[in-house]
Amino acid sequence: MDRRELILVRVEEVLNELKALNVTPIVGSAPFVQSVYRNRAPLREDARPALYLFDGIEDVGSPAGGYTTQRSTFSRPAFMVLRPQVWAVLQQRIPDLASEYGPLLSQYRIQLIKMLLEDSELVSLVTSNGQIAYQGSDTDMQSGSSMEGQLQMKFAFTYPLITSEL
């Protein structure tokens with residue numbers, strides 16, 4: 001497996017670890033995480049609350065473009081930036097209880113930031129020259145939105161692309 005896939009596999013494992021922790025939600029009685037899926041279409045209501053991982057985007061991360069070659073080989077490792085999409089999707093509630101979404105989405109945010117940024121296996125995969133960055137989040141808790149309790153978290157994993165590992 002290449003480093004990109006290893007990172008994605010490990011992120012999915014971390015999401016499953018969060019599910020296994022049986023965290024007590026700060027509001028409501030539903031489980032904190034009932035399901036974890038990678039690259040899956042929207043779920044039935046009975047599979048929520050859920051965490052989704054979508055493979056997202058991979059781009060060159062080095063200032064020089066990363067693909068400088070000499071004699072048909074890489075002259076140095078290119079640094080790639082992987083930006084998977086990590087979503088928390090809450091169990092739907094009646095509209096009058098939508099006020100509970102904010103604190104619960106914040107609880108997901110806190111747990112995921114801590115677990116992904118501090119995971120020793122992910123740190124090892126990006127190497128000492130790479131990094132793991134939290135780059136913010138979006139929710140559907142805004143005017144003109146569905147307000148169903150969805151959180152997308154933005155992470156970036158910068159790692160060396162070493163052709164001998166492919």
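The values are calculated or read from the model by the stated rules, or taken from the named source; none is laboratory data. For clarity, every value in this text was computed on a predicted model and none was experimentally measured. Cβ sites come from the backbone with ideal geometry, for glycine too, and all protein chains shown count toward neighbours.
Out of GLN135, GLN142, GLN111, I need the residue that is out of contact with any Pro (no Cβ under 6 Å at 6 or more places or on another chain), of a type outside the set (Asp, Glu) and touching a residue at least 60 places away in the same chain (Cβ under 8 Å). Which one?
GLN111
Which count do you get for residues in the range 1-59 that are β-branched (Val, Ile, Thr) and either assigned to a helix (DSSP H, G or I) or within 30 Å of THR163 (Cβ to Cβ) (or both)?
Selection size over the range 1-59: 5.
Which of the residues that make up the range 144-166 are surrounded by 11 or more Cβ atoms within 10 Å (Cβ to Cβ) and within 19 Å of GLY61 (Cα to Cα)?
Within the range 144-166, LYS154, PHE155, ALA156, PHE157, THR158, TYR159, PRO160, LEU161, ILE162, GLU165 meet the criteria.
What's the number of the only condition in (1) assigned to a loop (DSSP other than H, G, I, E, B); (2) modelled with pLDDT of 70 or more; (3) under 28 Å from ASN129 (Cα atoms) that GLY65 fails to meet?
GLY65 satisfies every listed condition except (2).
If a residue must be of a type in the set (Lys, Arg) and either buried (at least 19 other Cβ atoms within 10 Å of the Cβ) or modelled with pLDDT of 95 or more (or both), how many such residues does the range 79-108 contain?
Step one: list which residues in the range 79-108 are of a type in the set (Lys, Arg), which gives 83, 93.
This time we only want the ones that are either buried (at least 19 other Cβ atoms within 10 Å of the Cβ) or modelled with pLDDT of 95 or more (or both), so: 83.
The qualifying residues number 1.
Identify all residues within the range 123-143 that are touching a Phe, Trp or Tyr at 6+ places or on another chain (Cβ under 7 Å), crowded, with 17+ Cβ neighbours inside 10 Å and not small (Gly, Ala, Ser); write none if there are none.
Of everything in the range 123-143, those that are touching a Phe, Trp or Tyr at 6+ places or on another chain (Cβ under 7 Å), crowded, with 17+ Cβ neighbours inside 10 Å and not small (Gly, Ala, Ser) turn out to be LEU125, VAL126, ILE132, MET141.
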